[in-house]
Each structure stands twice: as C-alpha cells, then as structure tokens.
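To keep things clear, I will list the structure first and then write my remarks on it.
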Amino acid sequence: MRDHHPTRVTAQLDDHTTADDTLREEEPMSNATQSVDESSLADVTTALESFVEATTTAMEAADVPASTSDKVAATGERLIDALTAHTDRVEQLEGRIADLETRVAEQADQIEELETALSDERETRSKEAAEDRKRLHALETRIDQQRDTEDMPTDEPTAEHTQSSPTNPPETPLEDVIRIPENLVEESLTANQRRARFVAKDAFEYTKQVPAGRAITSSELRRVLTASEDTTIHNETVSRVIRFLDELGDEVVRVRESKQGERVVVFTDGFVERVRASQSTVGGDGNTVVTNKGA
C-alpha cells in the first residue's frame with residue numbers, strides 16, 4: 001500500500017523550491033535585484049504556469065489522489081486564465097494611454113503654434129493700426145491745410161467757390177476719408193482703405209434698409225469689390241475692409257453677425273444721408289457698380 005502522508009508531498013515541493021532558489025542565485029545580480037513593478041504580467045503568468053505544472057508533477061510523484069491533483073490543476077488554470085485576461089486588458093489600456101499621450105503632445109504643439117501665430121497676428125495688426133493712424137493723421141493735416149487755403153477770404157467770393165463748400169461738416173474719420181480729393185487718394189490710402197472708401201462713398205447704393213440703418217453683408221461686400229475691380233477678392237481682404245470701416249466709422253458704423261453667422265456692416269441713416277448730401281454738394285457722381293441694392 002502506497003504512503004499518502006503529506007510529509008512526502010511537502011518534501012517534494014521543498015526540493016523543487018530549493019532548486020529554483022539555486023537557479024535564481026546563479027542569475028545576474030541585475031535580474032536578482034529587479035523590482036516586482038518592473039516585471040510584466042506576461043512574466044508573472046509564465047511563472048504561475050510553471051508553478052502549477054511543478055505542483056501537479058510533485059503531487060503525482062507523491063501518489064496524491066488524482067481528484068486532488070485535478071482540483072489543484074483546475075484552480076491553477078483558472079488563475080492563469082484570469083491573469084491572462086487581465087494582462088490583455090492592461091495591454092489595451094497601455095495602448096490607449098500611449099495614444100492619448102501622443103494626442104495630448106500633438107495638441108500641445110498645435111496650441112503652441114496657434115499661440116505663436118496669434119501673437120504674430122496681433123503684432124502685425126498693431127503695426128498696421130499704428131501706420132494707419134499715422135497716415136490718416138498726415139492726410140487729415142493735408143486736408144485741413146487745403147481747406148484753410150480754400151477758405152481764405154477773397155475780395156469777391158465766386159459762385160464756384162460757394163457751391164464747392166460742403167454744407168455738412170464731416171463727423172467721423174470715415175467721412176474725412178470719403179472727402180479726400182481724388183488726386184490724393186492713390187498716394188494717401190492703402191489698397192484696403194481705398195476699398196473701404198469706395199463702399200462708404202456709395203453706401204446708399206450698396207446697402208439695404210434695416211431697422212438699425214442700412215446694411216451690407218460680407219458676401220455682398222465681396223461681390224461689390226469684385227465687380228469694381230474685376231478681380232478675385234479674398235476673404236482676408238473683405239475682413240480688412242470691414243475692419244477699416246468699423247475703425248474709421250466710430251459710432252456711425254457697426255459690425256454685427258447675422259443668424260446665419262455672416263458678418264454684417266451697418267451704417268446709420270444719418271451717416272448715409274450726410275454722405276449723399278456731401279456728394280451732391282461737391283457735384284460728385286459717385287462710383288456705383290450694379291448690385292441691385294439701394295432699396
């Protein structure tokens with residue numbers, strides 16, 4: 001009759017453990033001192049499989065009942081399966097984390113690029129605004145000097161001089177720009193300032209009546225400029241023209257946004273009427289292009 005005393009199983013396991021300890025002692029020091037955290041779950045799974053196999057082998061050698069050995073083997077398999085499943089999940093999570101880290105790094109780079117571009121744009125606009133103010137100041141000075149010359153008393157005022165004097169004085173920088181003599185426009189204004197002047201000068205013709213005054217959408221403004229220059233007008237050009245109208249118009253020009261998200265330039269009725277009166281007083285014939293507006 002075989003001896004099934006547990007002492008023999010314990011001795012077999014002790015022998016196996018001693019052998020494993022001997023192998024570990026022969027491993028390089030770097031591996032022996034490796035922390036548990038550095039071990040991958042795959043290595044742990046492999047170690048567990050070896051342990052279960054060694055245990056069942058030792059139990060068979062010790063003539064442990066097959067039912068007991070089978071239970072140990074089944075329990076070991078369940079542990080291995082569970083550990084393998086967790087390993088797969090951890091690997092998936094690590095992959096997702098790596099992807100997220102990559103996306104975060106890419107977005108951080110994009111944000112940095114956008115911040116740099118925004119800073120450059122602000123600096124450029126600041127310089128342009130300063131140049132515009134300087135040019136406008138010089139232009140206003142020249143206009144004032146010309147008016148002073150025209151207003152100098154003469155022995156007998158002529159009818160021509162009387163007719164050329166505007167009855168309504170300009171109230172905004174935009175109106176000053178509109179009244180710049182044509183021979184000074186080209187050398188005194190930038191291309192986009194000339195475009196803004198072109199639209200404001202015949203605002204009544206290019207706009208439609210709304211409760212707040214007379215309005216023109218950015219798309220219609222683009223069509224007006226395209227028709228006047230017979231060339232392609234880009235969105236950036238339209239934006240700059242709208243900005244000039246807004247800055248030079250003071251309180252008589254407002255930039256709004258429609259329900260469809262489109263920018264709308266609104267001129268007050270008073271501004272439009274003053275411009276029309278000024279145009280008729282100085283005998284200007286405007287620069288209107290056909291747009292089916294002015295209703």
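Each reported figure results from applying straightforward, stated rules to the coordinates on display, with no laboratory input. Everything numeric in this text was worked out from a predicted model, so none of it was measured. FYI the Cβ positions are ideal-geometry reconstructions off the backbone, even for glycines, and counts take in every protein chain you see.
Scanning segment 178-197 for residues that are assigned to a helix (DSSP H, G or I) and within 16 Å of ASP246 (Cβ to Cβ) yields ILE178, ASN192, GLN193, ARG195, ALA196, ARG197. Name the residue that is surrounded by the fewest Cβ atoms within 10 Å (Cβ to Cβ), counting only residues in segment 168-201 that are β-branched (Val, Ile, Thr) and in contact with a strand residue (DSSP E or B) (Cβ under 9 Å, 6 or more places away or on another chain). Ranking the qualifying residues of segment 168-201, first place goes to THR172. Scanning segment 240-255 for residues that are surrounded by fewer than 17 Cβ atoms within 10 Å (Cβ to Cβ) and without any contact (Cβ under 8 Å) to a residue 24 or more places away in the chain returns ASP246, VAL255. In summary, ARG214 fulfils each of the numbered conditions (1) buried (at least 18 other Cβ atoms within 10 Å of the Cβ); (2) basic (Lys, Arg); (3) within 24 Å of ARG135 (Cα to Cα) with the single exception of condition (3). Within segment 240-253, the set of residues being in a helix (DSSP H, G or I) and touching a strand residue (DSSP E or B) at 6+ places or on another chain (Cβ under 8 Å) comprises ILE242, LEU245, ASP246, GLY249, VAL252.
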